[in-house]
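Written out below as structure tokens is the structure these notes cover.
The values are calculated or read from the model by the stated rules, or taken from the named source; none is laboratory data. Bear in mind the structure is a predicted one, so any value in this text is a computation, not a measurement. Cβ atoms come from the backbone with ideal geometry, glycine included; neighbour counts cover every protein chain shown.
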Amino acid sequence: MNLRKQFVGGIFVGSYLLGFSPASVSMAQSTDARGKEAMTLDFRGTDFVHRWLKDGQNEFTPRSDPDLSTWRDMITVNVHESVANGDQLAELANRILSNYQRRGKILRTDSKPRIADRPAEHLIVAALGDPNFLEAAFARCVLVNGVGFVTAYSHRVYGQAAGPAMSEWLKTNGGPVERALMEWGKLPSPASLKRLPKTSNRRHRITNPARRHEATHCTTFSQHM
């Protein structure tokens, strides 16, 4: 068995969750490398600049990582205006889970229970494979101002023998990334994302896994969790 298959089949399920501290996340306005004003997200001390927008999908990469065909770290914010309550959010999370299951290995799922003033939130963490890279995807499903958001942090390792490097990255970064994502209380509003300029050109890349949610419904998540 090669390293890639060995990694995808036996990757850490929960050990990376130990030994981390909260990370700071904030939102600001900045200017990207093209000289245009762009929304910038500060995630764990790194500025992620808005690079691309289409059909509710917003992509952010670090200032040092502007090429969307070779990115290594990305935050994707997908806005689902048809998702407006806990049941619909759970259905969306289940569709994402099903697609992740078809394309890789589920490492962890979790939910924040529903409380009086907030519906449940859902987390899916997966390792996704491709002939040229491995990708760790952390997807948080949440309602923001009554609108469904899927906010995903993704990290890629390129090359045929990406397994060991990805495994080491998850040991060091998996827990902090998950916690920062789930504690992020300053997500951009739907209105602020709508105001961003639409992008008509970009270099081709494989679709971010958080958009792969058009699969058969399964029953892992519920609004009552």
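Structure summary
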read-out	value
Residue that is nearest to GLU81 (Cα to Cα) [pool: residues in the stretch 107-133 that are outside any loop (DSSP other than H, G, I, E, B) and touching a Lys or Arg at 6+ places or on another chain (Cβ under 7 Å)]	GLU121
Filtered residue count, the stretch 40-55, keeping only those that are at pLDDT below 90 and either outside any strand (DSSP E or B) or in contact with a His (Cβ under 6 Å, 6 or more places away or on another chain) (or both)	1
Residue satisfying all of: in the stretch 151-165; part of a strand (DSSP E or B) and surrounded by 21 or more Cβ atoms within 10 Å (Cβ to Cβ); nearest to the chain's Cα centre (by Cα) among these	ALA152
Residue that is in contact with a Pro (Cβ under 9 Å, 6 or more places away or on another chain), within 19 Å of PHE149 (Cβ to Cβ), surrounded by fewer than 16 Cβ atoms within 10 Å (Cβ to Cβ) and touching a residue at least 12 places away in the same chain (Cβ under 8 Å), where the choices are ASN58, ASN99, ASN85	ASN85
Tabulated pairs, the stretch 124-137, first more than 16 Å from ALA161 (Cβ to Cβ), second of a type in the set (S, T, N, Q) and assigned to a strand (DSSP E or B), C-beta under 6 angstrom, 6+ apart or interchain	ILE124/THR109; ALA137/SER154
Total residues in the stretch 83-106, condition touching a Gly at 6+ places or on another chain (Cβ under 8 Å) and in a strand (DSSP E or B)	2
Counted residues, the stretch 109-135 - those being more than 18 Å from ARG95 (Cβ to Cβ), surrounded by fewer than 21 Cβ atoms within 10 Å (Cβ to Cβ) and not charged (D, E, K, R)	7
Residues satisfying the stated conditions in the stretch 138-150, i.e. among the small types (Gly, Ala, Ser) and assigned to a strand (DSSP E or B)	ALA139, GLY148
Contacts under 9 angstrom Cβ, first residue in the stretch 173-185 being in a helix (DSSP H, G or I), partner acidic (Asp, Glu), 6 or more apart	GLU178/ASP110; MET182/ASP110; MET182/GLU121
